[in-house]
Amino acid sequence: MSLLPLVAALFVTAVLFALFVASQGYPAFDALALVGKGAFGSTFAWQNTLSRAAPIMLTALCVALPARAGLLIIGGEGALALGGLAAAMVPVALAGWPVLLVQGLMALAGFVVGGGWIALSGWLRYKRGVNETISSLLLAYIGAAVFNFLVEGILRDPASLNKPSTAPIGDRYVIGAIPGMDVHWGLVWGVLVCIGAWWLMRHTVFGFAVGVAGGNPRAAQMVGLPVGRLMLMACFLGGGAAGLAGMLEVAAVHGDANADLMAGYGYAGILVSFAARHHPLGVMAGALLVGGIGASGSLLQRHLDLPDAATLVLQGMLFVSLLAFETLNRKGAQRV
Amino acid sequence: MVRFLIQPPCLRRWFSDMDGTLVGANGQTPGRDAISLAAIGVSKCFGELQALDDVSMQVDAGSFHCLLGENGAGKSTLVKCLVGYYRPDQGNFLIDGREYEVRNPRDAQHLGIGMVYQHFTLAPGLTVAENLLLARGDLPFVLDWKREKTGLSEFMAQMPFRLELGAQVADLAAGEKQKLEILKQLYLRRRLLILDEPTSVLTPAEADEVLGMLHGMTRAGQLTVLMITHKFREVTAYGDVVTVLRRGRPAGTGRVNSTSVEQMAEMMVGTHIHVAVERSQGRAPDAEPGPVRLQIEALQAENDRGTPAIRQFALQVRAGEMVGVAGVSGNGQKELIEVLLGQRAAISGNILVDGEPYQATRVQMRQHGVYSLPEEPLKNACVPGMSVAENMALRNFDLPPVSLGWETGWHVRPAQLNRRARELVEMFGVRPADPSLPIASLSGGNVQRAVLARELAQPVRLLIVANPVFGLDFAATETIHRRLAEARNGGAAILLVSEDLDELLELSDRILVMSEGVIVYEVTADSAERAVIGRYMAGHETHDKELVC
Ligand SMILES: Nc1ncnc2c1ncn2[C@@H]1O[C@H](COP(=O)(O)OP(=O)(O)OP(=O)(O)O)[C@@H](O)[C@H]1O
Ligand SMILES: [Mg+2]
């Protein structure tokens, strides 16, 4: 696996971003330096980056796992929102139950709801021939609408006045920080899930079968593999990972489900998965990079008065140049 | 060092207009002489693999030159270097004694060198006429359709075989497409035509028609032909000179009329071998066919365009029996195989294996021992992005010893997978013998062997085979035919769908003829007559006698 396209893409992105910043009348080199500093320049920056990386590596799996089955899913944001919402309901319903049990059930609820949402795209593709990329994107919008409808409607906590939210999950059930760090345990969850996904896809019969179905569906049919079911499973697992990201955001960051949940992690995951060529371990490194870009936003804002959206521009540039350079390396892109 | 001067297209068109008469596409005058070709010390490596090693050969102007060699010998690589598809690492080519440099296929085209590839290069959505015009590549901005049409009709009138100019290419059968590929080259007035296994999709009669015409053109001095083939019959019938490659090196050359088939075969494999084309592959006379293994009843299926491809199809295959299905390609054979393999859903009808309904699930495949060798194995039976070893494990990656764990196993063990692949590669002579290579980098014949190895290593009870020796050299053909016969003699039921009548006559116990999606004729191997089968294949007798089976 060649790293050349990645390095080239990073370089081009840096140049483009510098030009963009300069064209707006801001000092280009300072901006680049601040991105580096804001992402990895201090313990505080690292902790900020790592906290953001946790959900991103999970939403990246929402692209990487279906990709192994030959599907391009880009609707992780919807699975994240609905998974988070489902998770937020668990402590409300089961208030008073043991902490670990409730957190486990929250994770399960997020996983199942997020997985089901993405599996819907897989199902539409398999049964109806609907393009899964388009359907998952549309489902992401529908998911966001459903989320808002419920959070501003029947699930709204009357006490949340100016920002519609569900009822708080309660301090007991909040996922805390890793001892000695200002990073929540969600990072560990994310890393473990990525390792698990890698093992599942690269070392198990299931992963092998998914790879065959994705690599050539006709050959998979010829050897009797249930192509449709494998696609569906891959979508379910991917969506489940995104739903889990939503659960972690609720349980470790927000304390309830509200519109802040939809902060674009679902879309950042697409970028990360492509950068990692859909490799479940590579996704962790990619998540650090993109998490770092996000973390540098506040520094750019404070020192240069650049708007927060500048980090989104940077992400977008990175994505486009990655795709462009990836075509130069088609061979490497074929295998997960 | 003289390099060819390539005229810009505009000039060439100008000259052709000056002529007054409509001549060939790129405006060269008719009756141009055939050109000669020499390869000098050509070498080409793919990574570690030396595909061509110092190959020199001479093709005289106006000759019909055949290129023979085992699968993976480097034949396709050599001609691809010649037409600029690959860059040779060393060596060069002389055209009419002059050196020239071909950097891409377009350069070769300008020199009057054309190539018909193993796979079709037509635009399926366009008509025959549009495909011919498109091939010219120097079309003006606005087409004078009337003029072009008359030009094309005149051209078609001179050809020994015709195609409807307005016909959609997607509607043509494989044989007709191949004819169109060749017509395209003639339309472009090639002076040297390279054919890479051109007859593998043609019936013997069609092959004779096409090759006979090209042969005639070489006699008239209009064309030089360089043909890659695995069929000795074609070499002896049409070839003047034969060159043999073995593992990337020239293994000998000689005039066809003074070289025996045995000598050619010997050059190909490097040892003395016996090419007995035995007809003794049939079942032992005393063996009784066993119970019915495969039964198809009233099967209906559609093709990709949604029109009926298989209509009320029925057949039976018994244990210990090989049933051959003959037919011109495009009469529903492809769809039939796809339905049996689970790659296409049937509209209606029953498929019974061992008397039980069969849906081509993995469990049923194992339970009834249903395996297959589909045609175009890279497309139908392999995952191109995976290695040879992984592809060889498609049947058993979920079984011990390749995988380990509860039930059928869930942990794939690469060491076991590779060990197994090395055994199979060894046993079936897949080359290069390195299972870690991506399967897409193997030559066509070796992909076929790899799939064959995987399928025949299973406990086969029913084997579904389509064009199994398509593109294989004679040694591999022998091996595969022998293995099929062995499997049948061992009690397996075999359904063999093939466009090669010789193969069917050699192997089958019973021959069915398929035309327009139905079986129109059935005959036992002993009483089969080539001419009668040929008539039914051509569809001449479909209408008066509807169903025989
Ligand atoms: N693009 C490629 N990359 C790597 N290896 C290649 C490539 N093309 C061909 N080879 C290897 O080069 C060797 C020669 O291949 P080639 O296709 O020329 O064989 P061939 O004589 O045409 O065989 P066949 O009769 O099976 O078509 C084979 O071992 C093949 O695996
Ligand atoms: Mg070849």
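The values are calculated or read from the model by the stated rules, or taken from the named source; none is laboratory data. In this text the structure is predicted, and so the values were computed from the model without any measurement. Backbone-built Cβ (ideal geometry, glycine too); neighbour counts: all protein chains shown.
The number of residues in segment B:387-398 that are more than 9 Å from every other protein chain (Cβ to nearest Cβ) and at pLDDT below 90 comes to 1.
It is to be established whether one or more residues within segment B:135-153 are without any contact (Cβ under 8 Å) to a residue 60 or more places away in the chain and under 26 Å from the mean Cα position of the chain (by Cα). For segment B:135-153, residues without any contact (Cβ under 8 Å) to a residue 60 or more places away in the chain and under 26 Å from the mean Cα position of the chain (by Cα): absent.
Residue selection: B:Ser441 satisfies the criterion of being within 10 Å of ligand 1 (Cβ to nearest atom), of a type in the set (S, T, N, Q) and in contact (Cβ under 8 Å) with a residue 24 or more places away in the chain.
When B:Val383 is tested against (1) modelled with pLDDT of 85 or more; (2) more than 30 Å from B:Gly320 (Cβ to Cβ); (3) within 16 Å of ligand 2 (Cβ to nearest atom), only condition (3) is not met.
With a requirement of 3 or more residues that are of a type in the set (A, V, I, L, M) and over 17 Å from A:Asn258 (Cα atoms), the helices (runs of 4 or more DSSP H) lying completely within segment A:56-175 that satisfy it span A:99-128, A:132-152.
Being touching a residue at least 24 places away in the same chain (Cβ under 8 Å) and within 14 Å of chain B (Cβ to nearest Cβ): is that true of A:Lys163 here? For A:Lys163, the condition - touching a residue at least 24 places away in the same chain (Cβ under 8 Å) and within 14 Å of chain B (Cβ to nearest Cβ) - is not met.
Considering B:Glu181, B:Glu154, B:Glu176, the condition of being over 19 Å from B:Asp208 (Cα atoms) and either more than 16 Å from ligand 2 (Cβ to nearest atom) or modelled with pLDDT of 85 or more (or both) is satisfied by B:Glu154 alone.
Of everything in segment B:68-97 that is more than 9 Å from ligand 2 (Cβ to nearest atom) and among the aliphatic types (A, V, I, L, M), the residue that is surrounded by the fewest Cβ atoms within 10 Å (Cβ to Cβ) is B:Leu94. On the basis of being out of contact with any Leu (no Cβ under 9 Å at 6 or more places or on another chain) and either assigned by TED's automatic domain parsing to the domain that holds B:Lys80 or more than 16 Å from ligand 1 (Cβ to nearest atom) (or both), does B:Gln458 make the cut? Yes, satisfied. Going by the conditions given, is B:Val210 assigned by TED's automatic domain parsing to the domain that holds B:Ser36, in contact with a Pro (Cβ under 8 Å, 6 or more places away or on another chain), modelled with pLDDT of 85 or more and surrounded by 16 or more Cβ atoms within 10 Å (Cβ to Cβ)? For B:Val210, the condition - assigned by TED's automatic domain parsing to the domain that holds B:Ser36, in contact with a Pro (Cβ under 8 Å, 6 or more places away or on another chain), modelled with pLDDT of 85 or more and surrounded by 16 or more Cβ atoms within 10 Å (Cβ to Cβ) - is met. Taking the listed residues A:Gly282, A:Gly246, the one that is touching a helix residue (DSSP H, G or I) at 6+ places or on another chain (Cβ under 8 Å) and without any contact (Cβ under 8 Å) to a residue 24 or more places away in the chain is A:Gly282, with no other qualifying. Filter segment B:196-254 down to residues that are within 16 Å of ligand 2 (Cβ to nearest atom) and among the acidic types (Asp, Glu) and give me whichever is nearest to the chain's Cα centre (by Cα). Checked segment B:196-254; the qualifying residue nearest to the chain's Cα centre (by Cα) is B:Glu197. Checking each residue in segment B:345-386 for being in contact (Cβ under 8 Å) with a residue 40 or more places away in the chain and either within 8 Å of chain A (Cβ to nearest Cβ) or closer than 18 Å to A:Leu230 by Cα (or both) picks out B:Ser372, B:Pro374, B:Ala381, B:Cys382, B:Val383, B:Pro384, B:Gly385, B:Met386. Counting only strands (runs of 3 or more DSSP E) that sit completely within segment B:289-359, those holding 3 or more residues that are in contact with a helix residue (DSSP H, G or I) (Cβ under 8 Å, 6 or more places away or on another chain) correspond to B:292-302, B:308-318, B:322-326. Evaluated against (1) within 22 Å of B:Val518 (Cα to Cα); (2) more than 13 Å from every other protein chain (Cβ to nearest Cβ); (3) of a type in the set (Asp, Glu), B:Glu338 falls short on exactly one condition, (2). Looking across segment A:1-14, the residues that are part of a helix (DSSP H, G or I) and over 21 Å from A:Gly294 (Cβ atoms) come down to A:Leu4, A:Pro5, A:Val7, A:Ala8. The condition (being more than 22 Å from the chain's Cα centre (by Cα) and of a type in the set (Asp, Glu)) is satisfied by just one residue among B:Asp502, B:Asp434: B:Asp434. Suppose we keep only residues that are in contact with a strand residue (DSSP E or B) (Cβ under 9 Å, 6 or more places away or on another chain) and in a helix (DSSP H, G or I) within segment B:185-195. Which one would you say is nearest to ligand 2 (Cβ to nearest atom)? Result: B:Gln185. When B:Val59 is tested against (1) away from ligand 1 (no atom under 16 Å from the Cβ); (2) hydrophobic (A, V, I, L, M, F, W, C); (3) farther than 15 Å from B:Gly41 by Cα, exactly one condition is not met: (3). May I ask you to verify whether B:Gly385 is in a loop (DSSP other than H, G, I, E, B) and crowded, with 16+ Cβ neighbours inside 10 Å? Yes: the conditions hold for B:Gly385. Considering segment A:242-266, and only residues there that are surrounded by fewer than 23 Cβ atoms within 10 Å (Cβ to Cβ) and not charged (D, E, K, R), the residue that is nearest to A:Leu71 (Cα to Cα) turns out to be A:Gly264.
For A:Ala287, state whether it is surrounded by 24 or more Cβ atoms within 10 Å (Cβ to Cβ) and in contact with a Lys or Arg (Cβ under 7 Å, 6 or more places away or on another chain). Here the answer is no, as A:Ala287 does not meet what is asked.
Within segment B:234-256, residues that are assigned to a loop (DSSP other than H, G, I, E, B) sit with their Cβ atoms under 7 Å from residues that are away from ligand 1 (no atom under 16 Å from the Cβ) and not small (Gly, Ala, Ser), at 6+ positions apart or across chains, in these pairs: B:Gly239/B:Phe64; B:Gly239/B:Val256; B:Asp240/B:Phe64; B:Asp240/B:Arg255; B:Asp240/B:Val256. Screening the candidates B:Asn71, B:Asn104 for the property of being within 26 Å of the chain's Cα centre (by Cα) and more than 10 Å from ligand 1 (Cβ to nearest atom) yields one hit, B:Asn104.
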